[in-house]
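Colleague: First, the structure itself, so that you have it in front of you.
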Amino acid sequence: MRFIIPLSIAAFGTFASLAQAEVPKVVTDIPPVQSLVAQVMGNLGTPSVLLGQNSDAHHYQLKPSQAGALQDAGLIVWIGPRLTPWLERALNGINAQDHALTLLGAPGSHTRQFSAADPHDHSADLDEDEDHDAHDTHATEATQTDANTDPHAWLDPDNAKVWLGLIAQDLGKLDPEHAQTYAANAKAAQERISAMDTRIKAQFAPVQDKAFLVYHAAYGYLADHYELNVAGALSPSDATAPGAAHMISLRKEATATVPAAKIYCAFPEAQHDPKMVDILVDGTPVKLGGALDPSGSSLTYGPGLYEALMQKTADTITTCLSSQD
């Protein structure tokens, strides 16, 4: 009998360590982030995503079942409160910030600031007379809540590659048994994104000088990375409908006759009524392009979504711009 107890204790310890080695439950905010996490997790697990199909990332409302998933999550990966304030409120409500990886503001991330010179959105709420020069910065905690920080950072593939490494690190800490697998999966995904980036750069090269309009200012990272010419945004804010004065100003740009100021295309967005863009370009030489979808919520969710989103965005923009002389 004296040998049974130690063996039982040892067996219990083994089972406990196995339980601790379980793959964490991961919850993500938007489809591109879910795609990146899914690539890192590979066959070990499937992260869930909060943003519903064809929903707007800025104005989503959590379902009760999703709130429960947040409470059960071992890791929550999200862009940050600048993009999804509705998720910040939920995390604060369940004190879940300690096991959340906030990508906008994470070490190594590249961030940009809206400015008066940008086709800006969130900064429309700032004093128009204040000078906000656009600049790039290494991410800090301040960028998570800074009202002038552009949150659409996943549209820069360099950020995606940095985040893959951070996701692998956090998963490896929670699940050391599979740390090497997470790291290897992240490296493979980084290589795929680098190859994709090279293809898209070549695709954009012939149309870099052609100006175009977008529905809202979600494309600053894309424009900076690929040296594109975004001339303006229809909506000055994610939360604000375009006003009459703004429409008049953009329409003047759209009808400009100076070649250097010529605008070739205007792009609606998948989760917004395209009529406003139709009105903007009606009677002008500006061509109406296909609908863009910066959050990818109209695409098939899963590990392949990030590359599909970037490629579809490139295809939509270049198809329109290439057709305009």
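Since every read-out is calculated from the coordinates, none of them should be taken as a lab result. Source: prediction; values computed, not measured. All Cβ positions, even for glycine, are placed from backbone atoms using ideal geometry, and neighbour counts span all protein chains on display.
Colleague: His216's amide H: which non-local residues (gap 5+, or another chain) put their own amide H closer than 5 Å, with H modeled 1.01 Å from N in plane and none for Pro or chain starts?
Modeller: Leu234, Ser235
Colleague: Take the alpha carbon gyration tensor of the stretch 191-231, find the square roots of its eigenvalues, order them as a ≥ b ≥ c, and report rounded if a/c is under 1.5; if not, report prolate when a/b exceeds b/c, else oblate. Working shown, then result.
Modeller: Working: a/c = 3.08, a/b = 1.61, b/c = 1.92.
It comes out oblate by the Cα gyration axes.
Colleague: How would Lys312, Lys63, Lys161 line up from fewest to most surrounding beta-carbon atoms within 10 angstrom? Write down the numbers at each step before the final one.
Modeller: Details: Lys312 17, Lys63 11, Lys161 20.
So the ranking, lowest neighbour count to highest, is Lys63, Lys312, Lys161.
Colleague: Give me, ordered by chain and number, the residues 5 or more places off Thr111 or on other chains with an amide H under 5 Å from its own placed amide H.
Modeller: Thr137, Ala139
Colleague: Right, another one. Mind listing the phi-derived Karplus ³J(HN,Hα) values for the stretch 216-222, rounded to whole Hz, using 6.51, -1.76 and 1.60 with θ = phi - 60°, and x for any glycine or proline?
Modeller: Result, ordered by residue: 9, 7, 9, 10, x, 5, 4 Hz.
Colleague: Still on this model: Which ³J(HN,Hα) values in Hz, rounded to whole numbers, follow from the phi angles of the stretch 45-62 under the Karplus curve 6.51 cos²θ - 1.76 cosθ + 1.60, where θ = phi - 60° and Gly and Pro get x?
Modeller: x, 10, x, 8, 10, 7, 5, x, 4, 6, 9, 8, 4, 7, 10, 7, 10, 5
Colleague: Give me the net charge for the shell around Ser295: Cβ to Cβ below 10 angstrom, other residues only, Lys and Arg +1, Asp and Glu -1.
Modeller: Local charge sum for Ser295: -4.
Colleague: Using the Karplus curve 6.51 cos²θ - 1.76 cosθ + 1.60 with θ = phi - 60°, what ³J(HN,Hα) values do you get for each residue of the stretch 306-321, in whole Hz, with x for Gly and Pro?
Modeller: Per-residue couplings from phi come out as 4, 5, 5, 4, 5, 5, 5, 4, 5, 5, 5, 5, 5, 4, 6, 5 Hz.
Colleague: Could you please rank Ser298, Ser35, placing first whichever residue has the fewest other Cβ atoms within 10 Å of its Cβ? Write down the numbers at each step before the final one.
Modeller: Working: Ser298 17, Ser35 26.
Final ranking by Cβ density, sparse to dense: Ser298, Ser35.
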